[in-house]
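S.K.: Dumping the structure here so I can ask a few things about it.
Each reported figure results from applying straightforward, stated rules to the coordinates on display, with no laboratory input. Here the structure is a predicted model, which is why all the values come from computation and not from measurement. With ideal geometry, Cβ positions are generated from the backbone for all residues, glycine too; neighbour counts draw on all protein chains shown.
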Amino acid sequence: MAMIERKFSLHVPSSTENLALIREYVTTIGASAGLSDSDVAKLELAVDEACANVIEHAYGHDLTKEVTVRAIFDEDTLSIIVEDTGRGFDPNSVKQEELQELIAKHKSGGLGLRLIQTLMDEVHYEIIPGQKNELHMKKHIRKS
Amino acid sequence: MPNPFVLNTTNREDLSIMSIEGYLDAHTAPQFEEKLQAEIEAGRTRIVVDCSKLSYISSAGLGVFMSFIEEIREHSGDIKISGLAPKVRHTFEILGFHDIFDLLDDVQAAVKRFEDKPTREV
């Protein structure tokens, strides 16, 4: 029997003020998908980090732009796609600095991508230059 | 909508105790950054951050701790962090902040840690 897929989509103006709303949206979906409390917390943080990156870096806090968070889940996997049409970047070109290096340079950023990669089971980027950027993240649903 | 982030600072002799409440994300972290900066500029570098009412932190919040700690320790001060809820503590630990910062159970333990170990190497 084919598995039923459930799909959701949230579009919000590109403002950090909306991060709380985005977190509420993904935690609700994570719980509905059957993730454990611990995995819901990981999902919440990873999506927050991804959207904060879009708002700050891809859109440069331009409120007229929109962040889209799509969610699809079946019995096995929850997939989240964070989509924007802002400045894209090559995630492989971002140097992952050690915490000690960041501290020595008095940096306040540089932790988000590492968190996303640590928290999610699969992460990949699809970037169409000048059109759109998509960050795809997956969390496997562990049956209790 | 209730204020998502509340910060209160009290001074106890040469210690500043900053109690933060709500969530610390990319939206609210600048408020925390501003207050922490003000403490340092006032020469108050022995700081306890009481997180017992903090429900959530993202890397933007952790980044505030990260960006000031070296300057604070260069002035023989420190930031001791107390009262982390398990979910918040987990985020500190994922990124290795527990190796850099003293994480204490409560404010009292943080104050005591200042007596035993006023600062530490970065």
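S.K.: Summing -39500 (n - 2.57) over the DSSP H runs of n ≥ 4 in chain A and dividing by its residue number, what mean residue ellipticity at 222 nm do you reach, to the nearest 500 deg cm²/dmol? Walk me through the numbers before you get to the answer.
M.R.: Numbers: 4 runs with 46 residues, N = 144.
Calculated from helices alone, the mean residue ellipticity at 222 nm is -10000 deg cm²/dmol.
S.K.: Report relative contact order for chain A in percent, whole number only (criteria: Cα-Cα under 8 Å, sequence separation at least 6). Please list the in-between numbers first.
M.R.: Working: 238 pairs, mean separation 40.1, N = 144.
Taking the mean separation of contacting Cα pairs over the length of chain A, I get 28 percent.
S.K.: Using the Cβ atoms and a cut-off under 14 Å, what net charge is assigned to the surroundings of A:Gly86, where Lys and Arg are +1 and Asp and Glu are -1? Display every interim value, and only then the final one.
M.R.: On the way: positive: A:Lys65, A:Arg87, A:Lys132; negative: A:Glu56, A:Asp62, A:Glu66, A:Glu83, A:Asp84, A:Glu134.
Result for the neighbourhood of A:Gly86: -3.
S.K.: I'd like the FRET efficiency for A:Glu24 and B:Glu41, computed as 1/(1 + (r/R0)^6) with the beta carbon distance as r and R0 of 35 Å, rounded to 0.05. Mind dumping the intermediate values first?
M.R.: Numbers: r = 36 Å, r/R0 = 1.03.
With R0 = 35 Å, the Cβ-Cβ based efficiency is 0.45.
S.K.: If you build a Gaussian network model of chain A, linking Cα atoms that sit under 10 Å apart, which residue out of A:Glu98, A:Glu122, A:Glu134 swings the most?
M.R.: A:Glu98
S.K.: How high is the relative contact order of chain B? Use alpha-carbon pairs under 8 Å, at least six apart in sequence, and give a whole percent.
M.R.: Details: 205 pairs, mean separation 29.0, N = 122.
Computed value for chain B: 24 percent relative contact order.
S.K.: Taking a quarter of the surface of the Cα convex hull of chain B, what do you get in nm²?
M.R.: On the way: hull surface 27.3 nm².
One quarter of the hull surface, i.e. the mean projection, equals 6.8 nm².
S.K.: Now, a different point. Compare the peptides B:19-32, B:98-111 by average per-residue count of other Cβ atoms within 10 angstrom and give them in order, highest first. Present the calculation step by step, with values, prior to reporting the outcome.
M.R.: Details: B:19-32: 21.1, B:98-111: 16.5.
Highest to lowest by the protection proxy: B:19-32, B:98-111.
S.K.: For chain B, what does -39500 (n - 2.57) per DSSP helix run (n ≥ 4), summed and divided by total residues, give at 222 nm, in deg cm²/dmol to the nearest 500?
M.R.: Details: 4 runs with 48 residues, N = 122.
When only DSSP H runs of four or more count, the value is -12000 deg cm²/dmol.
S.K.: Let me ask something else. Based on alpha-carbon atoms only, what is the radius of gyration of chain A relative to the globular estimate 2.2 N^0.38 Å?
M.R.: So chain A has a normalised radius of gyration of 1.06.
S.K.: Determine the alpha carbon to alpha carbon distance for each of A:Lys105/A:Lys139; B:Lys87/B:Lys112; A:Lys132/B:Lys35 and list only those over 29 Å.
M.R.: On the way: A:Lys105/A:Lys139 33 Å; B:Lys87/B:Lys112 25 Å; A:Lys132/B:Lys35 37 Å.
Over 29 Å Cα-Cα: A:Lys105/A:Lys139; A:Lys132/B:Lys35.
S.K.: OK, next. If you take the beta carbon distance between A:Glu97 and A:Met3 as r and set R0 to 45 Å, what does 1/(1 + (r/R0)^6) give as a FRET efficiency, to the nearest 0.05? Walk me through the intermediate numbers first.
M.R.: Values: r = 41 Å, r/R0 = 0.91.
Between A:Glu97 and A:Met3 the formula returns 0.65.
S.K.: Apply the a/c threshold of 1.5 to the C-alpha gyration tensor of the stretch A:85-144 and tell me whether it is rounded, prolate or oblate.
M.R.: Details: a/c = 3.07, a/b = 1.15, b/c = 2.67.
It is oblate, given that a/c is not under 1.5 and a/b is not larger than b/c.
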